[in-house]
Amino acid sequence: MDKSLYVAMTGAKEILQAQAVNNYNLANANTTGFKANLSAFQSQAVAGTGYASRVYATDAATGWDGSEGSIATTGRALDVAIQGQGFIAVQGPNGQEAYTRNGDLHLTADGVLETSTGQAVLGDDGPITVPPSGSIQIADDGTVSVVPLGSTPGTVATVGRIKLVNPPADSLTRQSGGLFQLTAGGTAPADASVKIASGALESSNVDLASAMVNMIDLARSFDLQVKAMQSADQNAQSSAQL
């Protein structure tokens, strides 16, 4: 097989993978606290006999964009946003402790505090459960307080404290649903320096304009690879006739 055909074929395949990453980011442009995935192309020489005249590109994930999204005030008591670096500890789908910046919190019918994607928010002693109450407040250190039903507004009871952590980015592995877990397993210690803003949400850090431009650029690159494959096929047919 002609090397040019192989180069064009692998180029098209790798571009499709890059498109999948870019489209995933676009799909989560409005997801609370979402961190964009990053990928990059690198050159690889085509191995084999003969002169090394061909180089193809491979696409690989290079991590995620850890920059902060913008914080929008909502005024809702159960909306929280991490200020600066850090994560909210939640119970992942596999039962292990996971970390998220999605502060769109809700209460289940049983009073369990959960994220909008259904992960229970963890405190010092496991998932935080809120009893029936007249109002609820979340302080900047994650302390959850309520005014019990039938009590005066000045009667405040603390029901738990959200576990806030700040593990090094290189110690985390990204999971589905925008969650992160420690690569080596285990749990990260609570970090008192991590603060949250109550009544606010952090937006996705996906740069929508750049993602759209990248999508168009990748589509054009894919068309170019297809044309290169067609040219290689035409050259092969002409060689066979000669």
Gly75 passes all but one of (1) in contact (Cβ under 8 Å) with a residue 24 or more places away in the chain; (2) farther than 30 Å from Gln19 by Cα; (3) surrounded by 12 or more Cβ atoms within 10 Å (Cβ to Cβ); which number fails?
(3)
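Kindly indicate whether Asp140 is at pLDDT below 95, of a type in the set (D, E, K, R) and touching a Ser or Thr at 6+ places or on another chain (Cβ under 9 Å). Can you show your working first?
On the way: at pLDDT below 95: yes; of a type in the set (D, E, K, R): yes; touching a Ser or Thr at 6+ places or on another chain (Cβ under 9 Å): yes.
When the stated conditions are applied, Asp140 passes them.
So which of Asp233, Asp217 is of a type in the set (D, E, K, R), in contact with a helix residue (DSSP H, G or I) (Cβ under 8 Å, 6 or more places away or on another chain), part of a helix (DSSP H, G or I) and over 16 Å from Gln85 (Cβ atoms)?
On the way: Asp217 fails: in contact with a helix residue (DSSP H, G or I) (Cβ under 8 Å, 6 or more places away or on another chain).
One residue alone meets the criteria, Asp233.
Condition test on Gly118, is it of a type in the set (Gly, Ala, Ser), open to solvent by 70 Å² or more (accessible area, probe 1.4 Å) and part of a loop (DSSP other than H, G, I, E, B)?
Details: of a type in the set (Gly, Ala, Ser): yes; open to solvent by 70 Å² or more (accessible area, probe 1.4 Å): no; part of a loop (DSSP other than H, G, I, E, B): yes.
When the stated conditions are applied, Gly118 does not pass them.
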Would you mention how many residues in the stretch 189-208 are within 17 Å of the chain's Cα centre (by Cα), part of a loop (DSSP other than H, G, I, E, B) and not hydroxyl-bearing (Ser, Thr, Tyr)?
3
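Just need a number here: residues in the stretch 71-85 that are part of a loop (DSSP other than H, G, I, E, B) and within 23 Å of Asn166 (Cβ to Cβ). Give the derivation first.
At the first step, the residues of the stretch 71-85 found to be part of a loop (DSSP other than H, G, I, E, B) are 74-78, 84-85.
Those still in the list that are within 23 Å of Asn166 (Cβ to Cβ) too: 78, 84-85.
Result for the stretch 71-85: 3.
Going through the stretch 145-170 one residue at a time, which ones are aliphatic (A, V, I, L, M) and over 24 Å from Gln181 (Cα atoms)? Walk me through it before giving the result.
Here is the first cut: in the stretch 145-170, the ones aliphatic (A, V, I, L, M) are 146-147, 149, 156-157, 159, 162, 164-165, 169.
Within the stretch 145-170, Val146, Val147, Leu149, Val156, Ala157, Val159 meet the criteria.
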Which numbered condition Ala12 fails, given (1) buried (at least 16 other Cβ atoms within 10 Å of the Cβ); (2) on the phi > 0 side of the Ramachandran plot:
(2)
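Please state which one of Ser238, Ser231, Ser198, Ser203 is closer than 25 Å to Lys13 by Cβ and open to solvent by less than 80 Å² (accessible area, probe 1.4 Å). Spell out the reasoning first.
Details: Ser238 fails: closer than 25 Å to Lys13 by Cβ; Ser198 fails: closer than 25 Å to Lys13 by Cβ; Ser203 fails: closer than 25 Å to Lys13 by Cβ.
Going through Ser238, Ser231, Ser198, Ser203 in turn, the sole match is Ser231.
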So is Gly33 within 11 Å of Val206 (Cα to Cα), surrounded by 12 or more Cβ atoms within 10 Å (Cβ to Cβ) and at pLDDT below 90 or not?
no
Please find, among Leu113, Leu107, the residue that is open to solvent by 60 Å² or more (accessible area, probe 1.4 Å) and farther than 19 Å from Thr31 by Cβ.
Leu107
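Within the stretch 153-172, identify whether any single residue is open to solvent by 50 Å² or more (accessible area, probe 1.4 Å), of a type in the set (D, E, K, R) and closer than 27 Å to Ala36 by Cβ, and answer yes or no. I'd like the intermediate steps shown before the answer.
The initial filter retains those residues of the stretch 153-172 that are open to solvent by 50 Å² or more (accessible area, probe 1.4 Å), namely 153-156, 158, 161, 166, 168-170.
After this cut, where a residue has to be of a type in the set (D, E, K, R) as well, the list is 161, 170.
Add one more test, that the residue is closer than 27 Å to Ala36 by Cβ, and what stays is 170.
Scanning the stretch 153-172, I find at least one residue that is open to solvent by 50 Å² or more (accessible area, probe 1.4 Å), of a type in the set (D, E, K, R) and closer than 27 Å to Ala36 by Cβ, so the answer is yes.
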Mind checking which residues of the stretch 134-188 are closer than 18 Å to Gly123 by Cβ, small (Gly, Ala, Ser) and part of a strand (DSSP E or B)?
Ser145, Ala157, Gly160
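Taking the stated definitions as given, is Thr74 touching a helix residue (DSSP H, G or I) at 6+ places or on another chain (Cβ under 8 Å) and among the β-branched types (Val, Ile, Thr)?
Here the answer is no, as Thr74 does not meet what is asked.
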In the stretch 36-59, the residues that are at pLDDT 70 or above, of a type in the set (Val, Ile, Thr) and open to solvent by less than 40 Å² (accessible area, probe 1.4 Å):
Thr58
Looking at (1) open to solvent by less than 50 Å² (accessible area, probe 1.4 Å); (2) touching an Asp or Glu at 6+ places or on another chain (Cβ under 8 Å); (3) in a helix (DSSP H, G or I); (4) not basic (Lys, Arg), find the lone condition where Ala211 falls short.
(2)
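The values are calculated or read from the model by the stated rules, or taken from the named source; none is laboratory data. None of these values were measured; they are calculated from a predicted model. Counting neighbours? That spans all protein chains shown, and the Cβs are built from the backbone with ideal geometry, glycine included. Please note that ligands, DNA and RNA were not included when accessible areas were found on the heavy atoms of the full protein model with its side chains. Shrake-Rupley method; radii C 1.70, N 1.55, O 1.52, S 1.80 Å.
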